[in-house]
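As structure tokens, the structure follows; a few thoughts come after it.
The values are calculated or read from the model by the stated rules, or taken from the named source; none is laboratory data. Quick caveat: nothing in here was measured; it's all calculated off a predicted structure. We place every Cβ from the backbone using ideal geometry, glycine too, and count neighbours over all the protein chains shown.
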Amino acid sequence: MELWEDNLSKKPTIMVQRTLRSGQNLHYDGNVVIMGDVNPGAEIVASGHVLVMGSLRGLVHAGATGEEEATVTALMLAPTQLRIAAHITRPPDDNDTNMVNLPEVARIKNDAVIIEEYQPQR
């Protein structure tokens, strides 16, 4: 199943053209695209996919109404907490030393959150 060809892609999508700062929350029933960063202390909760065209360092919850097919994609994925449907994870304690400078996608696979290098569909 390709990222934007599943049932979640049929949900409405909001595009936010700014950085979310600490204390700012965005809750949306659909997909969320952020054209900026998500700073620590900021929160995104979406029933669909979340795409951040920048650094994701805050809390993110994709598939918030139970959609396990939801994904979280970012140019720099380093959230304080990442949730997809009912699955919750956080970065390892030594996260700063393992920063990847490639886009990554988080998804549910075999009942666990996995993070992979983003691979464009051709």
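Number of residues in region 93-112 that are at pLDDT 95 or above and among the β-branched types (Val, Ile, Thr) equals 2. Could you please let me know if Val38 is of a type in the set (Val, Ile, Thr), surrounded by 15 or more Cβ atoms within 10 Å (Cβ to Cβ), in contact with a strand residue (DSSP E or B) (Cβ under 7 Å, 6 or more places away or on another chain) and closer than 18 Å to Pro91 by Cβ? So Val38 fits the description; yes. Checking Leu77 against (1) over 17 Å from Leu8 (Cα atoms); (2) over 10 Å from the mean Cα position of the chain (by Cα), which test does it fail? Failed condition: (2). Taken over region 74-92, the residue count meeting the criterion of being of a type outside the set (S, T, N, Q), outside any strand (DSSP E or B) and either modelled with pLDDT of 95 or more or crowded, with 19+ Cβ neighbours inside 10 Å (or both) is 4. In this structure, does Ala46 turn out to be modelled with pLDDT of 95 or more, touching a Leu at 6+ places or on another chain (Cβ under 6 Å), of a type in the set (A, V, I, L, M) and surrounded by 20 or more Cβ atoms within 10 Å (Cβ to Cβ)? No: the conditions fail for Ala46.
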